[in-house]
Amino acid sequence: KHFGNLARVRHVITYSLSPFEQRAFPNVLSHGLPNVGRRFTSQVLKVVPPLATGYLIYSWGTQEFERLKRKNAAGHEHEQ
């Protein structure tokens, strides 16, 4: 027996197709790209608002931290 048929398994049907008979990227341009666009537009409203909210909170927090880190010059005028 050759390497592919070393064991006999009952009640299991296997099918195989030679890699030379397969098409690697069938219908990529006609079906694949429109499918990517459809999936992107269907998910964009679920993904972008939380990301935008997180970015706005992060940028506000960083600006607020930098503002609070500085000394207030008006409060330290009597110290000279």
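The values are calculated or read from the model by the stated rules, or taken from the named source; none is laboratory data. These figures come from a predicted structure and were not determined experimentally. Backbone-built Cβ (ideal geometry, glycine too); neighbour counts: all protein chains shown. Just the protein is used for accessible areas: all its heavy atoms, side chains included, with ligands, DNA and RNA removed. Shrake-Rupley method; radii C 1.70, N 1.55, O 1.52, S 1.80 Å.
So between GLU64 and ARG39, what do we pick up on full extension, going 0.36 nm a residue minus the alpha carbon distance?
Net length gain for the segment: 5.2 nm.
Nearest 10 degrees, 0 to 90: what angle lies between the long axis of helix 33-69 and the longest principal axis of the chain (Cα atoms)?
30
Which of the peptides 15-21, 65-71 is most tightly packed, and how do the rest follow, going by the mean number of other Cβ atoms within 10 Å of each residue? Let's see the in-between values first.
Details: 15-21: 5.9, 65-71: 7.9.
Result, highest mean first: 65-71, 15-21.
Just report the Cα centroid separation between segment 59-80 and segment 42-57, whole Å.
32
Would you compute, from DSSP H runs of 4+ residues alone, the mean residue ellipticity of the chain at 222 nm, taking -39500 (n - 2.57) per run and dividing by the full residue count, rounded to the nearest 500?
Details: 1 runs with 37 residues, N = 80.
Taken over the chain, the calculation gives -17000 deg cm²/dmol.
What ³J(HN,Hα) values, in whole Hz, does the Karplus curve 6.51 cos²θ - 1.76 cosθ + 1.60 give for segment 7-19 when θ = phi - 60°, with x put for Gly and Pro?
With the stated coefficients, segment 7-19 comes to 10, 9, 10, 8, 6, 10, 9, 10, 10, 9, 10, 4, x Hz.
Give the carbon-plus-sulfur fraction of the accessible surface of the chain in %, rounded to a whole number; probe 1.4 Å, heavy atoms of protein chains only.
Numbers: 5290 of 8500 Å².
Solvent-exposed carbon and sulfur of the chain make up 62 percent of the total.
Between beta-carbons, use under 14 Å as the cut-off and find the net charge around SER30, counting Lys and Arg +1, Asp and Glu -1. Walk me through the intermediate numbers first.
On the way: positive: ARG23, ARG38; negative: none.
So the surrounding residues net to +2.
Between (1) 1.07; (2) 1.24; (3) 2.72, which matches Cα Rg over 2.2 N^0.38 Å calculated for the structure shown?
Among (1) 1.07; (2) 1.24; (3) 2.72, the one calculated here is (3).
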